[in-house]
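The values are calculated or read from the model by the stated rules, or taken from the named source; none is laboratory data. Treat the numbers as computed from the prediction; the structure is a model and nothing was measured. Cβ sites come from the backbone with ideal geometry, for glycine too, and all protein chains shown count toward neighbours. When the accessible area is computed, the model is the full protein with side chains, heavy atoms only, and any ligands, DNA or RNA have been set aside. Shrake-Rupley method; radii C 1.70, N 1.55, O 1.52, S 1.80 Å.
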Amino acid sequence: MKTTLSRRTLLKGLAAAPAAGAVFSIPRLAGAAEIQLRYGNNLPLSHPLNIRAKEAADRIAKETDGKVEMLIFPANQLGGDTDMLSQVRGGALTFFTPSSLVIATLVPTAALNAVGFAFKDYAQVWKAMDGPVGKLVRSKIEGSRLYALETMWDNGFRQTTTSGNAITNADGMQGLKIRVPVSPLSVDMFSALGASPTSLQFSEVYSALQTKVVDAQENPLPIIQVAKLYEVQQNCALSNHIWDGYWFIANGRQWSDLKDDVKTIVARAINEAGLQQRRDIATLNAGVQADLEKAGMTFNKVETETFRTKLKTGGFYSKWSKEFGDEAWGALESVVGSLA
């Protein structure tokens, strides 16, 4: 049965302090579980991703009469993104939800949705990720000893925050020391815009901003809120420069070893939870800006075309169309139109 989380419920959860060292444990319904699935992620317990993952885990336990349980290890308990990606490939983890930019360090095509200023809105995002782009990326992921479930979870459009001057156009990026994910695409995009990007694990972002190792960062608004980045950043430019999401990936061998009936139950629970999480993020985005403003953050819009023009004239799009190749770039442009 589908449930809807109200914005008030979501924001109450986001405001709650995550319990240190907490692990979701799933009640066993019929004795000891025969199969244990270990799932790690980098987000607080209060984030919609973990709320919906917990619901999926409960559903899996119920529909398998307790024979299968999914243990959730949130908030980087098992290490940073690179660590968990290694663990899921090696089999220490069954599931991990890397963002596209993280898994792209292993499967370069996965960064396709992170091409700067590619998507105009969510209609284009889901048309691409539930369609030709998602299909192509899943096939590439399966070639890396991993399995990607069908539904991609939402991370959101990324916005740019600074502790210094507000960013209003592409000129404001010149020389900016900004943290970006460990992603060649992100580094190249911000470099093309004239910034000085530094790649850091997400777990290091707050301290890097606090100690002025970097002066800026970019993330979706709900992440800015749950990570309390407003405590160390004053301005937020609504740049919408990249849309990113979470691939729910599994260790390929562990997934293939599951019986077909178990696969069906697990995949259905996770995929449907992912669709609910997308709606949760939409609910949050409708009001999170106002909450961040109350916390002291100032917002401004940007002159989007100045960024696109600088990337186009600087050869960013033409370079990456070659990097991704005709098949991948064609899948993206089939939804968003010509970029290069």
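Structure values in brief
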read-out: Furthest towards positive pole of dipole, THR198, GLN217, ALA118, structure part the chain, Cβ charges; value: GLN217
read-out: Rounded accessible area of LYS312 (nearest 10 Å², 1.4 Å probe); value: 120 Å²
read-out: Using alpha carbons only: equivalent-ellipsoid semi-axes of the chain, gyration tensor based, whole Å; value: 33, 24, 17
read-out: Rounded Å value of the spacing that divides the Cα centres of the stretch 71-141 and the stretch 206-246; value: 20 Å
read-out: Of the GluC sites (Glu not before Pro) in the stretch 32-134, those whose Cβ has at most 14 other Cβ within 10 Å and which sit in DSSP loop; value: GLU34
read-out: Solvent-accessible surface ranking, highest first, for TYR39, TYR230 at 1.4 angstrom; value: TYR230, TYR39
read-out: Net lengthening on full extension, GLU327/GLN36 (0.36 nm per residue, minus Cα-Cα); value: 101.0 nm
read-out: Carbon/sulfur fraction of accessible area - the stretch 258-335, other protein chains in place, 1.4 Å, %; value: 50 percent
read-out: Distant-in-sequence amide H partners of GLN159 (H built 1.01 Å from N, under 5 Å); value: ASN219, LEU221
read-out: Theoretical gain in end-to-end length, ARG279 to ARG253 [0.36 nm per residue, Cα-Cα removed]; value: 6.2 nm
read-out: Cα-only radius of gyration and Dmax that characterise the stretch 64-207, units Å; value: 17.1, 59
read-out: Extension gain (nm, one decimal) between GLU142 and ALA166, 0.36 nm per residue minus Cα-Cα; value: 4.5 nm
read-out: Pairs beyond 22 Å (Cα-Cα), from LYS120/LYS310; LYS127/LYS259; LYS135/LYS322; LYS120/LYS301; value: LYS127/LYS259
read-out: Distance-filtered residues of the stretch 146-181 - backbone nitrogen under 14 Å, label point 7 angstrom along THR313 Cα→Cβ; value: 170-172
read-out: Mean residue ellipticity (222 nm) of the chain, computed from DSSP H runs ≥ 4 via -39,500 (n - 2.57), nearest 500; value: -12500 deg cm²/dmol
read-out: Heavy-atom surface of the stretch 176-246, accessible at 1.4 Å and reported per residue (Å²); value: 31 Å²
read-out: Accessible surface of ILE35 - all protein chains present, 1.4 Å probe, nearest 10 Å²; value: 50 Å²
read-out: Computed P(r) (all Cα pairs; the stretch 135-187; 10 Å bins; percent); value: 16, 34, 25, 21, 4
read-out: Per-residue SASA entry for VAL302, accessible area with 1.4 Å probe, Å² rounded to 10; value: 20 Å²
